[in-house]
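Here the structure comes first, spelled out in structure tokens, and everything after it is commentary.
The values are calculated or read from the model by the stated rules, or taken from the named source; none is laboratory data. This structure is a prediction, so every number in the text was calculated from the model and none was measured. Neighbour counts run over all protein chains shown; Cβ positions are idealised from the backbone, glycine included. Ligands, DNA and RNA are excluded from the accessible area calculation, which covers all protein heavy atoms including side chains. Shrake-Rupley method; radii C 1.70, N 1.55, O 1.52, S 1.80 Å.
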Amino acid sequence: MKPAPFEYHAPASAKETVELLAELGEGAKLIAGGQSLVPVLALRLAVFEHLIDLRNVAGLRGIEDRGDAVWIGAGTTQAAIGRSGLVAAKVPLLTRATPLIGHFQIRNRGTIGGSLAHAEAAAEYPAAALTLDAVIETLSPRGQRSIPAARFFTGIWSTALEPDELLTGVTFTAAAGRSGFAIEEFSRRPGDFAVAGAAIAIELDGDGDGAQIRRCAIGLFGLGPTPLRAAAAEAAVTGSHVRDARTDARAGEIGRAAMAGLVSVPSDLHGPAAYRTRVGAALVAAAWRRAVTEALGEAPGGALSEEAAGG
């Protein structure tokens, strides 16, 4: 099939873009990489009178070192993020999430802003942004706004963006001190959206096994209508000694605790809710072990995604 007819717009600036959004109203839709929107339009699952192409908008691409933070323009492709040495050094979780996104052709076109704005609950970048407490920057005719990732994802494919608001960039706090990061997911085929996934970010305070876990973030994806944080499990482990949290038994406990209280786990042709929950617990445990190992400066172990899928 082919998309329904639409009027094409190619603004050159963010200001011009938001003015168009305000003028055209709900009949307008932004397109960045188009990896989610184009199939929807082609199948006529959605119809828009106006399509606003962001490819020529100045200032939406780039990766900047801002000392204790890294800024990434919304129009920056996933492939560029995956190749960035700066991102690898200062936002390693994002680097590790990137190869899990679709296929390389998709990453060559898809953008970080498009992924966040689309808000697919099983996608990697929204989960990474939530896990890392990223701040999402926007522009509208009323001015600029900064939205914490914790308040950005509001429901199935929905966000806190206003109809006349453009996502312009994302700021990530740079990794500091003794920290560890890991992301694990299971999908039926390479490139598919995750049946379930987990992202871990931890920071240690102190040396050796006597170090305490100063910060712990457990992100979940594919396990609800939005990416999620396992807040109760995070609180339970924060402040504990890393020696008490590094065993396989403790990792399993943390995985199960992260699943406790989930009330909207999907159940579909990829697996019932109970299956996703078991997989999710095993993925959290696997990611936890890898993140702790990295924080302690030890050789990383292997991923346990296949083991998790068999759970």
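Whats the longest run of the chain with zero trypsin sites (Lys or Arg not before Pro) that are DSSP loop and have at most 15 other Cβ atoms within 10 Å? So the longest stretch without any such site is 189-311.
If a spin label sat at a point 7 angstrom from the Cα of Glu162 along the line to its beta carbon, the backbone N atoms of the range 22-64 nearer than 19 Å would be those of 22-30.
With the charge dipole of the chain set up from +1 on Lys and Arg Cβ and -1 on Asp and Glu Cβ about the Cα centre, the Cα lying farthest toward the positive end among the listed residues Ala196, Ala149, Leu60 is that of Ala196.
Computed on the chain, with alpha-carbon pairs under 8 angstrom and 6+ residues apart, the relative contact order is 15 percent. For the chain, the fraction of 1.4 Å probe accessible surface lying on carbon and sulfur atoms is 54 percent. A Förster radius of 22 Å, combined with the Cβ-Cβ distance separating Asp68 from Thr293, puts the computed FRET efficiency at roughly 0.30. Here is how the number arises for the chain: DSSP H runs of 4 or more residues each give -39500 (n - 2.57), the sum is divided by the residue count, and the result at 222 nm is -9500 deg cm²/dmol. Tell me which lysines have Cα within less than 25 Å of Lys15's Cα, excluding those fewer than 8 residues away on the same chain? Hits, sequence-local ones excluded: Lys29.
Counting only Cβ charges, +1 for Lys and Arg and -1 for Asp and Glu, the dipole size of the chain around its Cα centre is about 420 debye. Each label point was placed 7 Å from the Cα along the Cα-to-Cβ direction; for Ala150 and Ala260 their separation is 2.0 nm. Seen through its C-alpha gyration tensor, with square-root eigenvalues sorted a ≥ b ≥ c, the range 9-90 comes out oblate because a/c lies at 1.5 or above while a/b is not bigger than b/c.
Indicate the gyration tensor shape class of the range 148-243 (rounded, prolate or oblate), computed on the Cα atoms with a ≥ b ≥ c the square roots of the eigenvalues: a/c under 1.5 is rounded; otherwise a/b larger than b/c is prolate and the rest oblate. Numbers along the way, then the final one.
Numbers: a/c = 2.23, a/b = 1.58, b/c = 1.41.
Prolate is the answer for the range 148-243, as a/c is 1.5 or above and a/b outweighs b/c.
For Arg188 and Leu86, calculate 0.36 nm times their separation in residues minus their Cα-Cα distance, and state this gained length in nm to one decimal.
Residue separation times 0.36 nm, minus the Cα-Cα distance, leaves 33.5 nm.
What length, rounded to one decimal in nm, is gained on full extension from Val47 through to Tyr8, with 0.36 nm per residue of separation minus their alpha-carbon distance? Intermediate results must be reported in sequence, preceding the final value.
Values: separation 39, 0.36 × 39 = 14.04 nm, distance 1.32 nm.
That works out to 12.7 nm of additional length.
If you sort Tyr125, Tyr275, Tyr8 by accessible surface, 1.4 Å probe, largest first, the order is Tyr8, Tyr275, Tyr125. With an a/c value of 1.5 or above and a/b larger than b/c for the gyration tensor axes a ≥ b ≥ c computed over the alpha-carbon atoms, the range 178-310 is described as prolate.
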